[in-house]
Amino acid sequence: MSMELNEETALNPDPGRTESGMRVLVATAVPAERDAVLRGLHGSGKFDVLVTGVGPVAAAASTAKALAAAEYDLVVIAGIAGGFADRAEVGSLVVANEIVGADLGAETPEGFRSLDELGFGRTRIPVDPGLVTRITEALHRAGLPVITGPVLTVSTVTGTAATALELVSRVPGAVAEGMEGYGVALAARDRGVPVMEIRAVSNAVGPRDRASWRIEEALFRLEEAGKVLWEVFR
Ligand SMILES: O=C(O)c1cccc(C(=O)CC[C@H]2O[C@@H](n3cnc4c(=O)[nH]cnc43)[C@H](O)[C@@H]2O)c1
């Protein structure tokens, strides 16, 4: 059976893959994030953009399902985030060099102990430095404000200054927190697929003030990041 040629197949004989031959899965938590990324990707069907649901468990389950259904060369976690004070301003982008399950562990009278310290696994998943550099440099070239550092995954959005301080003391240098990265990254690692995380900062991590979240601004920034993803991986 011959394949019908249209603009997309003429440029790329395998529409399931990018022109560079990569198959990329982008994991977002909610439809508004998916739509922002898709606008940036020019609606390109060459990237599969998934809505996982909010939180690390939903994100791990739906990413594992997607990775079982098709072969991918790269998983990109994309969404909005809270930025840590004096590191990631609202409206800026963060690229993770490490994806950290920051609240997985045990409280003890001496303080928080991570799963790593308890001997139950790894809560810090490093991102390939080559990938981090490639995407960060492309974002810089596009004139976008971007910072690189550990991005935390939490099951509960931080709502006090004390918790924000506690998280930064657990993971010095943390730039932002989201709720899906570690779940997606574990599913990708299980399949041996490289993973990266890019987020647009919608709010400051700290005392809860939901009314101050700049979601539209962050979604616009996420769309701009999507354009850069398209340029880098198409
Ligand atoms: O209300 C809306 O219109 C809306 C549009 C897009 C996304 C949302 C969300 O609330 C998504 C929640 C999503 O965002 C991440 N996030 C954002 N800020 C934080 C934070 O300070 N701490 C942790 N996570 C944050 C998170 O990954 C959620 O999945 C609403």
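None of the figures in this text is laboratory data; all of them are computed from the coordinates on show. Given the structure is predicted, the values throughout are model-derived calculations rather than measurements. FYI the Cβ positions are ideal-geometry reconstructions off the backbone, even for glycines, and counts take in every protein chain you see.
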√(5λ) per eigenvalue of the Cα gyration tensor, segment 134-197, largest first, Å: 23, 19, 9
Fraction of beta bridges assigned by DSSP in the chain that are antiparallel (%, nearest 5): 30 percent
Most fluctuating residue given options Glu137, Glu98, Glu107, as computed from a GNM of the chain linking Cα atoms under 10 Å: Glu107
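How big is the charge dipole of the chain about its Cα centre, in debye rounded to the nearest 20, if each Lys and Arg gets +1 on its Cβ and each Asp and Glu gets -1 on its Cβ? Spell out each step's value before the answer.
Working: 22 positive and 31 negative charges, 15 e Å.
Taking the Cα centre of the chain as origin, the dipole is about 80 debye.
Given the -39500 (n - 2.57) contribution per DSSP H run of 4+ residues, what per-residue ellipticity at 222 nm results for the chain, rounded to the nearest 500 deg cm²/dmol? Walk me through the numbers on the way to the answer.
Working: 8 runs with 86 residues, N = 234.
About -11000 deg cm²/dmol.
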Cut-off under 5 Å, modelled amide H: who pairs with Val195 long-range: Val75, Asp128
Radius of gyration and Dmax over the Cα atoms of segment 20-233, both given in Å: 16.0, 53
Whole-Å distance, taken between Cα centres, linking segment 192-233 and segment 80-127: 17 Å
Of all DSSP beta bridges in segment 49-158, antiparallel share, percent nearest 5: 45 percent
Footprinting exposure proxy for Lys227, Lys65 (fewest neighbouring C-beta atoms within 10 Å first): Lys65, Lys227
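Where does the charge balance sit around Leu186 when Lys and Arg score +1, Asp and Glu -1, over other residues with C-beta under 15 Å from its C-beta?
On the way: positive: Lys65, Arg122, Arg124, Arg189, Arg191; negative: Glu98, Asp103, Asp116, Glu180, Asp190, Glu197.
Here the count lands on -1.
I want the local charge near Leu93. Using Cβ-Cβ distances under 14 Å, sum +1 for each Lys or Arg and -1 for each Asp or Glu among the other residues. Write out the running numbers ahead of the final one.
Working: positive: Arg87, Arg141, Arg199, Arg214, Arg221, Lys227; negative: Glu33, Glu89, Glu137, Glu197, Glu217, Glu223, Glu224.
In short, -1.
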Cα→Cβ-extended label distance, 7 Å offset, between Ser212 and Ala106, nm: 3.7 nm
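Extension gain Met22-Arg141, at 0.36 nm per residue separation less the Cα-Cα distance, in nm?
Values: separation 119, 0.36 × 119 = 42.84 nm, distance 2.23 nm.
Full extension of this stretch gives 40.6 nm more.
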